Every structure is written in C-alpha cells, then in structure tokens.
Amino acid sequence: MNSFLTESQQKELSEIANKLTKVGRGILAADESTGTIGKRFSAINCTNNEQNRRLYRQMLFSSGKVLSNYISGVIMYDETFWQKSDEGVSFPEVLRGNGILTGIKVDLGVVSINELETTTQGFDNLDKRCAEYKKAGADFAKWRCVLTITDQTPSELAIVTNSNVLAWYAKICQRNGIVPIVEPEVLCDGTHSLERCEYVTTKVLAAVYKALNDQDVFLEGTLLKPNMVTSGMQANPQSSFSDNATATLRTLRRTVPSAVPGIVFLSGGFSESDSTNILNEINKQANTDRRMYPWSLSFSYGRALQHSVIRTWNGDCANNNLAVAQLIKRANACSDAAQGVHSGTDDASANESLFVAKHVY
Ligand code: 13P
C-alpha cells in the first residue's frame with residue numbers, strides 16, 4: 001500500500017498523467033535556463049534579455065488551440081512561469097485556455113560528484129516551491145539527472161546517487177499534486193556502440209525504478225523521460241533507426257513497470273528529422289505487439305521541436321506567424337511519429353545536427 005498519498009491525491013496525479021499521455025500528444029520542453037536560451041539566441045544574433053525571452057516564449061504559446069492536437073504539456077523555466085503575455089495573462093493561464101498543461105523545471109542544474117560525473121541539485125525549498133507552482137497553475141514538473149558513457153562511467157556511485165535523487169524529487173512533487181517527469185538522461189556523447197548504450201541505459205533504468213519503489217513513489221502518477229538507445233554521437237558508423245528502436249524497446253521492456261502511463265523521450269542532440277524518425281520507428285515496432293509495450297511512447301523534445309522555429313523567428317516578432325506555423329509543423333510530425341504513422345520528408349534545417357557536447361539545460 002502506498003502510504004504517503006491519499007486516494008484522492010493518487011486520483012488527481014493519475015488524471016494529470018493520463019491527460020499528458022493522450023494519444024498523439026507529447027510535451028514541448030521550453031524550459032531552457034537563461035544561459036541555455038542565450039546560446040540559442042546568439043545563433044540568431046538576438047540579445048538575451050528578459051523582454052526577448054518573454055517575446056520568444058509568447059510566440060511559442062500563441063498558436064491557439066491547434067497546438068493542443070499535438071502537445072499536451074509545456075515545460076517552463078521559473079522566469080517564464082511567472083511572466084505574462086502582452087495582454088497581461090500569465091503564461092500558464094494562456095496555455096490552460098488552449099487545453100495545454102503547464103510543467104515546471106524544478107531542478108537547479110548539475111554539480112560534480114567526481115572528476116567525470118554529476119548529480120543534480122535543487123532540494124533547497126523544493127517542497128515550498130512545488131506548493132507555490134501548483135497554486136499558480138503547474139500540474140507537472142521535470143528534474144534532469146545526467147549519466148555519461150566512457151570506459152569508466154557511469155560509476156555505481158553515479159547510478160545510485162542519481163536514482164535516489166530522482167526518487168526523492170518525485171516524492172516531493174507528488175505530495176504537492178504535481179506529476180514528476182523522471183529524467184535520467186544517458187548522454188549520447190562518445191564513440192560507444194549501440195550495445196553499450198543499451199547495457200548502460202538498462203542498468204540506469206533498473207536502478208531508477210528500484211529507487212522509486214524504495215521511496216513508495218506512486219508510479220501511475222509519473223512519466224519517464226529517457227534517452228533513446230543509440231550508438232554514441234561520434235561512433236562510426238552510426239546505428240540505424242531500426243536497430244535503435246529495437247534496442248530502445250528491449251531496454252524499456254526489461255526495466256519499466258507497466259504501471260507507468262507514459263514514456264516521453266528527450267531528443268538529446270539528434271536533429272529534428274532523426275528524432276522524429278527514431279520515435280516513429282519505435283512506435284511502428286511497438287504497434288506490432290502493443291501487449292508488450294503498455295505505455296504511451298511519445299516525446300518531450302526541446303531542441304528537436306524548436307530549432308527550425310527559432311531560426312524562423314530570428315529575433316523578430318514580425319516573423320511570429322511563420323514561426324508558429326513551423327512549430328505546428330514540427331509538433332504535427334512528432335505527433336504522427338508518436339503513433340508510428342509519420343511519413344513526411346523534412347526540409348533541410350530539420351536535418352541539422354543539434355548536438356552539444358556535455359549538454360546542460
Ligand atoms: P532536448 O530534447 O533538447 O534533449 O531537451 C529535452 C530536455 O528537456 C532535456 O532536459
């Protein structure tokens with residue numbers, strides 16, 4: 001028996017998780033920290049100040065109800081969460097009006113635990129912050145832990161530490177009526193093989209679910225945000241979409257309980273086009289026997305939903321309509337891929353690599 005949540009708290013969490021995992025819907029990760037959005041802005045020569053950050057996010061959230069055909073939730077950074085549209089409406093309220101749930105990044109970034117590895121900080125006031133976010137319209141949260149593949153890593157220390165950190169965060173969120181997205185990202189940096197990524201991701205996810213169960217986290221009120229299982233970004237040759245999908249599904253089958261309602265992959269530096277195609281292949285293969293894959297298999301993409309959008313916007317609100325059209329196009333493609341029915345060919349910018357070494361969020 002789960003001891004720390006009442007039945008009505010569990011019901012609320014399940015309902016949020018079910019809304020987030022509606023068929024053909026995924027999540028837009030627009031929660032870049034001030035430093036990270038600054039890197040995106042510098043590529044389009046846009047000054048990284050609060051007003052420009054607000055104008056960019058306002059554009060992302062301005063597409064009306066049409067986006068809710070493909071996107072069930074948007075993750076925001078703290079600053080964005082408290083910002084308002086030109087009409088004075090808070091961004092969570094704007095999204096709610098369009099049938100989209102608001103998520104909030106609650107971690108405060110990574111810190112070293114040894115020379116090669118990190119864990120993630122942000123427990124100070126987490127309980128209080130979650131209560132405030134819930135009151136102001138957040139229904140789900142994200143916390144990202146990072147594991148790296150080298151000959152020596154991930155260490156047992158990193159796997160256990162990060163799993164316990166994710167479980168503790170998840171529990172605090174649930175106490176406050178917030179569905180935690182549990183994100184143990186195994187970075188794609190490196191020359192490693194697909195098999196090594198599968199082995200490491202399996203160990204990491206097994207440890208994460210051990211820790212979540214140790215801490216009585218209510219799995220029906222969580223989502224998992226993992227990496228797709230692939231060869232390293234610098235491996236030569238690269239593993240195929242089809243082999244990536246097979247390895248990803250085998251890994252999930254072996255580690256993720258069927259009580260978990262949804263798995264929303266991160267894009268991790270893969271291009272818009274590759275991220276869409278791998279997700280599509282995962283769902284095509286899963287559709288051959290859904291009894292083995294009880295969870296929704298969808299997306300929570302940051303770079304792979306925004307790259308061509310931010311290029312189109314180009315720091316100029318005169319381009320808002322074009323940029324919104326591009327966002328809807330990308331979200332539609334990802335939504336199709338989340339059902340295994342994506343068939344489109346992509347434009348050139350969708351093929352640009354979005355890889356950033358040792359990516360921080
Ligand atoms: P990417 O899709 O750009 O990897 O980002 C997703 C995310 O939210 C990482 O925490």
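The values are calculated or read from the model by the stated rules, or taken from the named source; none is laboratory data. Treat the numbers as computed from the prediction; the structure is a model and nothing was measured. So basically every Cβ, Gly included, is an ideal-geometry build from the backbone, and we count neighbours across all protein chains shown. Note: accessible area is taken over every heavy atom of the protein model, side chains too, but ligands, DNA and RNA are not part of it. Shrake-Rupley method; radii C 1.70, N 1.55, O 1.52, S 1.80 Å.
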I need every pair where a residue in the stretch 93-110 that is touching a residue at least 40 places away in the same chain (Cβ under 8 Å) and open to solvent by less than 10 Å² (accessible area, probe 1.4 Å) has its Cβ under 6 Å from the Cβ of a residue that is among the polar types (S, T, N, Q) and within 13 Å of the ligand (Cβ to nearest atom), sequence separation at least 6 or different chains.
107/120
Could you tell me how many of the residues in the stretch 55-92 are open to solvent by less than 60 Å² (accessible area, probe 1.4 Å), touching a strand residue (DSSP E or B) at 6+ places or on another chain (Cβ under 8 Å) and of a type in the set (Phe, Trp, Tyr)?
4
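So that you can scan it fast, the table gives a plain yes or no per residue for (1) under 24 Å from residue 17 (Cα atoms); (2) small (Gly, Ala, Ser):
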position: 244; (1), (2): no, no
position: 247; (1), (2): no, yes
position: 250; (1), (2): yes, no
position: 255; (1), (2): yes, no
position: 267; (1), (2): yes, yes
position: 271; (1), (2): no, yes
position: 290; (1), (2): yes, no
Hey, any hits in the stretch 19-40 for a residue that's without any contact (Cβ under 8 Å) to a residue 40 or more places away in the chain, of a type in the set (A, V, I, L, M) and open to solvent by 40 Å² or more (accessible area, probe 1.4 Å)?
no
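Each row is one residue, and each column tells you yes or no for (1) open to solvent by 10 Å² or more (accessible area, probe 1.4 Å); (2) of a type in the set (Phe, Trp, Tyr); (3) within 14 Å of the ligand (Cβ to nearest atom); (4) modelled with pLDDT under 95.
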| residue | (1), (2), (3), (4) |
| --- | --- |
| 287 | yes, no, no, no |
| 303 | yes, no, yes, no |
| 307 | yes, no, yes, no |
| 318 | yes, no, no, no |
| 351 | yes, no, no, yes |
Within the group 200, 165, 208, which residue is within 16 Å of the ligand (Cβ to nearest atom) and either outside any helix (DSSP H, G or I) or open to solvent by less than 10 Å² (accessible area, probe 1.4 Å) (or both)?
208
Tally up the residues in the stretch 169-187 that are touching a helix residue (DSSP H, G or I) at 6+ places or on another chain (Cβ under 8 Å), within 16 Å of the ligand (Cβ to nearest atom) and not small (Gly, Ala, Ser), please.
8
Of the residues in the stretch 245-264, those that are crowded, with 21+ Cβ neighbours inside 10 Å and out of contact with any strand residue (DSSP E or B) (no Cβ under 9 Å at 6 or more places or on another chain) number 3
Can you pull out the helices (runs of 4 or more DSSP H) entirely within the stretch 1-102 that have at least 2 residues that are under 18 Å from the mean Cα position of the chain (by Cα) and within 16 Å of the ligand (Cβ to nearest atom)?
34-42, 50-60, 78-82
Can you find a residue in the stretch 108-117 that is away from the ligand (no atom under 16 Å from the Cβ) and at positive phi?
no
Checking the structure you have, find out if any residue of the stretch 329-340 is open to solvent by 40 Å² or more (accessible area, probe 1.4 Å), outside any helix (DSSP H, G or I) and away from the ligand (no atom under 16 Å from the Cβ).
yes
For the stretch 155-205, which positions are of a type in the set (Phe, Trp, Tyr) and touching a residue at least 12 places away in the same chain (Cβ under 8 Å)?
168, 169
Residue tally, condition surrounded by 14 or more Cβ atoms within 10 Å (Cβ to Cβ), farther than 18 Å from residue 92 by Cβ and not polar (S, T, N, Q), over the stretch 43-54
2
So residue 242 passes all but one of these: (1) over 19 Å from the mean Cα position of the chain (by Cα); (2) farther than 24 Å from residue 154 by Cα; (3) open to solvent by less than 10 Å² (accessible area, probe 1.4 Å). Which condition number does it fail?
(3)
I need the helices (runs of 4 or more DSSP H) fully contained in the stretch 236-324, keeping only those with at least 2 residues that are touching a residue at least 60 places away in the same chain (Cβ under 8 Å).
272-286, 303-313
Taking the stretch 211-266 as the search range and keeping residues that are within 16 Å of the ligand (Cβ to nearest atom) and of a type in the set (Gly, Ala, Ser), which one is nearest to residue 195 (Cα to Cα)?
232
